[in-house]
Amino acid sequence: MSRTRLERVRASLGIAQLALQQIQDDLTAADLTGVELAAVLHELQEDTDVPGGLLPMLAQLVGTAARRAEQLEADRDGDASCPLHEAAALLTDDIGQHLTWAARALHPQGDPA
């Protein structure tokens, strides 16, 4: 018997939560420097190993949900899809910009390596 879609999503979210918990643990380390914190903030927004980063990937996921909601909205009124599109934009435009400002304040010499 195959797992349902929701079960797969829950399992994937559990894996993501474990990974994010590890990052949170690193952020609470007593010896974390400002330069290291700036580098972590940079990685959340623009991972150099994998195109995108966490926030852009979350925005892409929410954007995909928004496009699917558009198809499912019976009267195409945007009650579901518009908030999802706005949330995706906030992830990249607003939250992403705030992370950039914080990283630059912590490491003003340039982008963290």
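Laboratory data are not the source of any read-out in this text; all were calculated from the coordinates shown. For clarity, every value in this text was computed on a predicted model and none was experimentally measured.
Computed quantities for the displayed model
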quantity: Of L99, L13, L44, the one that fluctuates the most in a GNM where the chain has Cα springs shorter than 10 Å; calculated: L13
quantity: Globularity ratio of the chain, using Cα Rg and 2.2 N^0.38 Å; calculated: 1.31
quantity: Estimated vicinal HN-Hα couplings, Hz - region 27-37 in sequence order (Karplus 6.51, -1.76, 1.60; Gly, Pro = x); calculated: 5, 9, 5, 4, 9, 5, 8, x, 5, 5, 4
quantity: Over the chain, relative contact order from alpha-carbon pairs under 8 Å, at least 6 apart, %; calculated: 30
quantity: Helix 54-72 axis, angle to the chain major axis (alpha carbon atoms, nearest 10°); calculated: 10
